[in-house]
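Undergrad: Following this message is one structure expressed as structure tokens.
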Amino acid sequence: MSFDADVCVIGAGAGGSVASWALTARGLRVLLLEAGPRIGPSEQGTHRQDWELAGSIVGGAADDPRHRCYESAPGKTLDPRYQHLHSRTPTSFARRVFERRPFHYARALGVGGSTLHYQGEAHRFPAHAFRMRSNFGVAEDWPLDHEELAPYYERIEELLGVAGDPRNPFKPPRGPYPYPAHPLSAASRRVSLAARQLGWELLPNPVAILPRPRPGREACHYCNGCAQGCAVSARGSVDVAVIPQAERSRRLQLVTGIRTAALEHDRDGRISAVIGSDATGREQRFRARAFVMAAGAIETPRILLHSAGGAHPKGVGNESDQLGRHLMETLYVRKTAIFEQPLETFAGIPLDSRIWDFNAAGGGSTPPVGFTLASSCGPFGGPVGHALEGIRNFGRSHRKKMRLFGAGISFDGIAEQLPRPENRVTLSENLDPSGVPLARVETALDETDLEALSQVQARLEELAETAGVQDFAGQISAYDTPHATHVGGTCRMGRDPRSSVVDAFGAVHGVPNLTIADASVLVTQGSGDSPSLTIQALALRSSALLAERLRRGEI
């Protein structure tokens with residue numbers, strides 16, 4: 001039997017790109033399949049004159065009918081007890097009112113995946129995040145701990161070029177980062193004073209953004225436009241920081257425009273091929289000795305469920321009906337304000353600092369859910385955003401407020417959503433343009449989620465008012481405006497196949513040549529931390545074992 005590669009990786013996002021790099025570094029031939037295009041750094045970013053109006057080049061991919069991959073269930077009726085969490089903006093002139101809460105997936109489509117529009121945050125999960133059941137009696141424990149993952153965290157930080165300050169009392173002790181932390185912006189320095197008055201500590205945020213150049217990548221220009229894309233490749237998205245290194249090995253073949261439909265398997269249940277279609281709609285089949293699924297927490301379970309048949313009658317990895325369950329989305333609150341004097345909030349990096357005082361779950365609080373706080377320019381990065389998101393006035397009053405461009409600030413909080421089996425991905429009766437069933441996402445916020453959002457809102461208001469905010473310009477929250485950028489848990493890892501989909505190394509239970517290396521394997525969310533670095537560290541760890549098993553002939 002001939003193979004197209006030793007390993008076929010599906011998805012060129014945070015996990016799939018790192019897995020591809022790690023496998024090629026061990027001498028294996030890797031075929032990397034990506035549904036989206038390859039977008040050059042020069043096609044992204046704030047250097048475009050219409051950058052505010054055009055938005056991110058990768059934004060809205062999930063809503064584009066040509067690339068549709070999911071549909072939302074009708075959504076749960078909003079709980080009226082939590083109307084204080086309603087979203088509202090100046091341009092709506094009133095509170096936005098919704099009867100039901102749908103799911104919205106802020107998907108990025110292209111080589112680089114979600115790292116194409118992330119802001120470089122590079123967080124190691126806190127130690128307690130791996131022991132939520134043991135420590136707090138909620139969620140589940142991971143089948144590994146922080147110490148086991150620490151060496152892989154360190155390697156990924158070096159690969160991406162992470163800048164940070166190791167002196168964080170809310171995280172386990174560690175050595176220095178590859179680069180020192182970026183200087184705090186004027187806005188962060190002001191917020192830091194307020195945090196100190198409240199007895200909290202604002203600390204430099206570790207970010208995969210270069211303060212000094214590397215080969216093929218420039219140092220940060222501090223334009224604050226990371227979410228729109230980085231034209232100088234200072235931000236460590238995997239399309240510029242990882243994939244080029246794998247390509248230099250000449251053992252990586254990257255194929256774009258491939259929409260994966262299903263995995264083909266033999267009578268023993270082993271995966272034998274990936275079945276998909278190219279940009280013309282023509283069916284394609286790719287064979288390999290081993291396979292790595294890294295299509296994300298929505299599409300990975302969708303593909304595995306659609307691969308049902310033969311040895312896997314309910315879907316690959318779904319023998320215990322765990323595939324697609326325990327979906328965790330993004331719980332967030334953002335409150336915006338404009339100070340009475342410019343602070344140049346548009347200058348710097350978007351998230352140069354965070355407050356981790358509430359990151360440890362429990363601590364006598366109810367519910368036992370951790371969260372982090374931050375400030376940024378948010379929607380005020382340019383004059384258009386300043387006008388739309390911060391000004392209610394017209395005429396001379398509008399002109400006066402526009403002179404305060406650079407005084408707009410966003411106070412942001414991210415909380416952990418605890419996993420629940422009823423939040424899940426299944427297959428829809430409706431099909432995508434290539435004839436594959438859409439993922440159907442069923443998710444709702446329970447009282448624990450809503451109480452967590454309420455706590456985040458209260459702490460943000462306390463911080464903002466201490467910093468001198470007298471009137472908020474707007475508010476947006478996950479209560480009624482879902483915007484799921486951090487999504488995970490639908491193929492979670494564990495020791496027991498009855499309650500998990502993969503083992504501690506991402507290998508699918510009962511399928512020896514299939515590994516999952518994306519956010520779907522996460523057991524918990526890190527109490528408000530960004531998951532990208534953890535996804536990549538897990539992918540590196542999983543790839544090391546996969547390569548060794550291939551070398552020993554076990555696969």
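Undergrad: Being over 30 Å from residue 544 (Cβ atoms) and of a type outside the set (A, V, I, L, M, F, W, C) narrows it down to one of 280, 256, so name that one.
TA: Details: 256 fails: over 30 Å from residue 544 (Cβ atoms).
Exactly one residue qualifies, and that residue is 280.
Undergrad: Considering only segment 194-213, state which residues are surrounded by 14 or more Cβ atoms within 10 Å (Cβ to Cβ) and in a loop (DSSP other than H, G, I, E, B).
TA: 198, 200, 201, 205, 206, 208, 210, 211, 212, 213
Undergrad: Any idea which residue in segment 375-384 is nearest to residue 356 (Cα to Cα), counting only those that are touching an Asp or Glu at 6+ places or on another chain (Cβ under 8 Å) and crowded, with 18+ Cβ neighbours inside 10 Å?
TA: 375
Undergrad: Quick check on segment 486-494. Is at least one of its residues in contact (Cβ under 8 Å) with a residue 60 or more places away in the chain, under 25 Å from residue 291 (Cα atoms), surrounded by fewer than 24 Cβ atoms within 10 Å (Cβ to Cβ) and not polar (S, T, N, Q)? Walk me through how you get there before you give the answer.
TA: As a first pass, look at segment 486-494 and keep what is in contact (Cβ under 8 Å) with a residue 60 or more places away in the chain: 486-494.
Still in the running and under 25 Å from residue 291 (Cα atoms): 486-494.
With the extra rule that they be surrounded by fewer than 24 Cβ atoms within 10 Å (Cβ to Cβ), the set shrinks to 494.
In the following step, the residues that additionally are not polar (S, T, N, Q) were identified as 494.
Scanning segment 486-494, I find at least one residue that is in contact (Cβ under 8 Å) with a residue 60 or more places away in the chain, under 25 Å from residue 291 (Cα atoms), surrounded by fewer than 24 Cβ atoms within 10 Å (Cβ to Cβ) and not polar (S, T, N, Q), so the answer is yes.
Undergrad: Among the residues of segment 465-476, are any closer than 20 Å to residue 329 by Cα and touching a strand residue (DSSP E or B) at 6+ places or on another chain (Cβ under 9 Å)?
TA: yes
Undergrad: Starting from segment 185-199, keep only residues that are closer than 10 Å to residue 353 by Cα, then list their pairs with residues that are surrounded by fewer than 19 Cβ atoms within 10 Å (Cβ to Cβ) whose Cβ atoms are within a distance under 8 Å, requiring at least 6 positions of separation or different chains.
TA: 185/344; 185/347
Undergrad: For segment 400-409, indicate whether the set of residues that are free of Cβ contacts under 8 Å to residues at least 40 places away in the same chain and assigned to a helix (DSSP H, G or I) is non-empty.
TA: yes
Undergrad: Looking at segment 169-180 only, could you name the residues that are within 22 Å of the chain's Cα centre (by Cα) and touching a residue at least 40 places away in the same chain (Cβ under 8 Å)?
TA: Those that are within 22 Å of the chain's Cα centre (by Cα) and touching a residue at least 40 places away in the same chain (Cβ under 8 Å): 170, 171.
Undergrad: Restricting to segment 64-96, what's the tally of residues that are charged (D, E, K, R), at pLDDT below 90 and in contact with a strand residue (DSSP E or B) (Cβ under 9 Å, 6 or more places away or on another chain)?
TA: Qualifying residue count for the region: 5.
Undergrad: Take segment 137-193 and flag every residue that is closer than 28 Å to residue 542 by Cα, part of a loop (DSSP other than H, G, I, E, B) and basic (Lys, Arg).
TA: 171, 174
Undergrad: Which residue, of 206, 211, 172, 178, is under 14 Å from residue 125 (Cα atoms) and either at pLDDT 95 or above or touching a strand residue (DSSP E or B) at 6+ places or on another chain (Cβ under 6 Å) (or both)?
TA: From the options 206, 211, 172, 178, the qualifying one is 206.
Undergrad: Turning to a different aspect of this structure: Restricting attention to segment 388-405, which residues are surrounded by 17 or more Cβ atoms within 10 Å (Cβ to Cβ) and touching a Lys or Arg at 6+ places or on another chain (Cβ under 9 Å)?
TA: Answer for segment 388-405, where residues must be surrounded by 17 or more Cβ atoms within 10 Å (Cβ to Cβ) and touching a Lys or Arg at 6+ places or on another chain (Cβ under 9 Å): 390, 391, 401.
Undergrad: When you check residue 233 against the structure, is it polar (S, T, N, Q) and crowded, with 19+ Cβ neighbours inside 10 Å, yes or no?
TA: On the way: polar (S, T, N, Q): yes; crowded, with 19+ Cβ neighbours inside 10 Å: yes.
Spelling it out, residue 233 is indeed polar (S, T, N, Q) and crowded, with 19+ Cβ neighbours inside 10 Å.
Undergrad: Which ones in segment 420-474 are of a type in the set (S, T, N, Q), in a loop (DSSP other than H, G, I, E, B) and within 26 Å of residue 355 (Cβ to Cβ)?
TA: Filtering segment 420-474 down to residues of a type in the set (S, T, N, Q) leaves 423, 426, 428, 430, 434, 443, 448, 454-455, 457, 466, 470.
If we keep only those that are in a loop (DSSP other than H, G, I, E, B) too, we end up with 423, 434, 443, 470.
If the condition is that a residue be of a type in the set (S, T, N, Q), in a loop (DSSP other than H, G, I, E, B) and within 26 Å of residue 355 (Cβ to Cβ), then 470 is the only one that fits.
Undergrad: Has segment 273-282 got any residue that is at pLDDT 95 or above, touching a helix residue (DSSP H, G or I) at 6+ places or on another chain (Cβ under 8 Å) and of a type outside the set (Phe, Trp, Tyr)?
TA: No.
Undergrad: Right, next: Taking the stated definitions as given, is residue 259 touching a Ser or Thr at 6+ places or on another chain (Cβ under 8 Å) and of a type in the set (Lys, Arg)?
TA: yes
Undergrad: Restricting attention to segment 36-48, does a residue exist that is touching an Asp or Glu at 6+ places or on another chain (Cβ under 8 Å), surrounded by fewer than 22 Cβ atoms within 10 Å (Cβ to Cβ) and either in a loop (DSSP other than H, G, I, E, B) or modelled with pLDDT of 95 or more (or both)?
TA: Yes: segment 36-48 contains one or more residues that are touching an Asp or Glu at 6+ places or on another chain (Cβ under 8 Å), surrounded by fewer than 22 Cβ atoms within 10 Å (Cβ to Cβ) and either in a loop (DSSP other than H, G, I, E, B) or modelled with pLDDT of 95 or more (or both).
Undergrad: Are any residues in segment 126-168 within 19 Å of residue 182 (Cβ to Cβ), buried (at least 17 other Cβ atoms within 10 Å of the Cβ) and free of Cβ contacts under 8 Å to residues at least 60 places away in the same chain, and if so, which ones?
TA: Passing the criteria: 163, 164.
Undergrad: Give me the residue from segment 406-433 that is within 26 Å of residue 384 (Cβ to Cβ) and in contact with a Gly (Cβ under 8 Å, 6 or more places away or on another chain) and, out of that set, surrounded by the fewest Cβ atoms within 10 Å (Cβ to Cβ).
TA: The selected residue is 412.
Undergrad: Exactly one condition in (1) modelled with pLDDT under 95; (2) surrounded by 23 or more Cβ atoms within 10 Å (Cβ to Cβ); (3) over 21 Å from the mean Cα position of the chain (by Cα); (4) among the small types (Gly, Ala, Ser) is false for residue 216; which is it?
TA: (2)
This table checks each residue for (1) in contact with a Leu (Cβ under 8 Å, 6 or more places away or on another chain); (2) modelled with pLDDT of 85 or more.
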site: 397; (1), (2): no, no
site: 410; (1), (2): no, yes
site: 432; (1), (2): yes, yes
site: 443; (1), (2): yes, yes
site: 447; (1), (2): no, yes
site: 454; (1), (2): yes, yes
site: 462; (1), (2): yes, yes
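Undergrad: Something else about it: Test residue 414 against the criterion of being of a type in the set (Val, Ile, Thr), under 24 Å from residue 194 (Cβ atoms), modelled with pLDDT of 95 or more and part of a strand (DSSP E or B), and give yes or no.
TA: Working: of a type in the set (Val, Ile, Thr): yes; under 24 Å from residue 194 (Cβ atoms): yes; modelled with pLDDT of 95 or more: yes; part of a strand (DSSP E or B): yes.
For residue 414, the condition - of a type in the set (Val, Ile, Thr), under 24 Å from residue 194 (Cβ atoms), modelled with pLDDT of 95 or more and part of a strand (DSSP E or B) - is met.
Undergrad: Also, I was wondering about something else. For segment 545-553, indicate whether the set of residues that are of a type outside the set (D, E, K, R) and part of a loop (DSSP other than H, G, I, E, B) is non-empty.
TA: Residues of segment 545-553 of a type outside the set (D, E, K, R): 545-547, 550, 553.
Next, only the ones that are part of a loop (DSSP other than H, G, I, E, B) stay: 553.
Yes, some residue in segment 545-553 is of a type outside the set (D, E, K, R) and part of a loop (DSSP other than H, G, I, E, B).
Undergrad: To continue, here is another question. Kindly establish whether residue 443 is crowded, with 21+ Cβ neighbours inside 10 Å, at negative phi and not aliphatic (A, V, I, L, M).
TA: yes
Undergrad: Those residues that are closer than 30 Å to residue 340 by Cβ and either among the hydrophobic types (A, V, I, L, M, F, W, C) or without any contact (Cβ under 8 Å) to a residue 24 or more places away in the chain (or both), I need them from segment 413-468; list them, please.
TA: If the condition is that a residue be closer than 30 Å to residue 340 by Cβ and either among the hydrophobic types (A, V, I, L, M, F, W, C) or without any contact (Cβ under 8 Å) to a residue 24 or more places away in the chain (or both), then 414, 453, 456, 458, 460, 463, 464, 465, 467 are the ones that fit.
The values are calculated or read from the model by the stated rules, or taken from the named source; none is laboratory data. These numbers were taken from a predicted model, which means no experiment stands behind them. Every residue, glycine among them, receives a Cβ derived from its backbone with ideal geometry; neighbour counts consider all protein chains shown.
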